[in-house]
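Novice: Handing you this structure, nothing more for now.
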Amino acid sequence: MDSRVTKMASERPVVIFSKSTCCMCYTIKSLFNDFGVNPAVHELDEIPRGKEIEQALSRLGCNPSVPAVFIGGEFVGGTNEIMSLHLNRSLIPMLKKAGALWL
């Protein structure tokens, strides 16, 4: 299952593993949408084997397991990490480097 997560995480420049009922997931998805980034979003509570994927994310170090954000195929983190990157102005350059933004 871990290899499936890795494969899913590299399908687009930005991939977010989320749950449709999670308010922090909504916040992170909104942030990327506001930037004009079109991430691949996997709602773990709505897809088959979502629980297994969530467990694999936990094994990769995602705590809590959602939101889990991958940029350029690399695990970046959850809400705290993404907001920290945004606040210290590192997120936009990271998104440009991954090919998710062309500004």
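Novice: Can Glu52 be described as part of a helix (DSSP H, G or I), surrounded by fewer than 15 Cβ atoms within 10 Å (Cβ to Cβ) and either acidic (Asp, Glu) or in contact with a Lys or Arg (Cβ under 7 Å, 6 or more places away or on another chain) (or both)?
Specialist: Judged against the criteria, Glu52 is a match.
Novice: Could we say that Ala68 is modelled with pLDDT of 95 or more, under 20 Å from Trp102 (Cα atoms), surrounded by 13 or more Cβ atoms within 10 Å (Cβ to Cβ) and not charged (D, E, K, R) here?
Specialist: Answer is no for this residue.
Novice: If you don't mind, another one. Do you know which residues across the stretch 55-103 are more than 17 Å from Cys22 (Cα to Cα) and part of a strand (DSSP E or B)?
Specialist: Scanning the stretch 55-103 gives Phe70, Ile71, Glu74, Phe75, Val76.
Novice: Continuing with the same structure: Residue pairs, Cβ under 6 Å, 6 or more apart or interchain, first in the stretch 71-83 and within 14 Å of Ala40 (Cβ to Cβ), second in a helix (DSSP H, G or I). List them.
Specialist: Ile71/Met94; Gly73/Ala9
Yes/no matrix, rows are residues, columns are (1) in contact with a helix residue (DSSP H, G or I) (Cβ under 6 Å, 6 or more places away or on another chain); (2) open to solvent by less than 30 Å² (accessible area, probe 1.4 Å); (3) modelled with pLDDT under 95:
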| position | (1), (2), (3) |
| --- | --- |
| Lys29 | no, no, no |
| Cys62 | no, yes, yes |
| Glu81 | no, no, no |
| Leu103 | no, no, yes |
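The values are calculated or read from the model by the stated rules, or taken from the named source; none is laboratory data. Just so we're clear, the structure is a prediction, and the values are computed from it rather than from any experiment. Counting neighbours? That spans all protein chains shown, and the Cβs are built from the backbone with ideal geometry, glycine included. The protein model used for the area step is the full one, side chains on, heavy atoms only, and it has no ligands, DNA or RNA in it. Shrake-Rupley method; radii C 1.70, N 1.55, O 1.52, S 1.80 Å.
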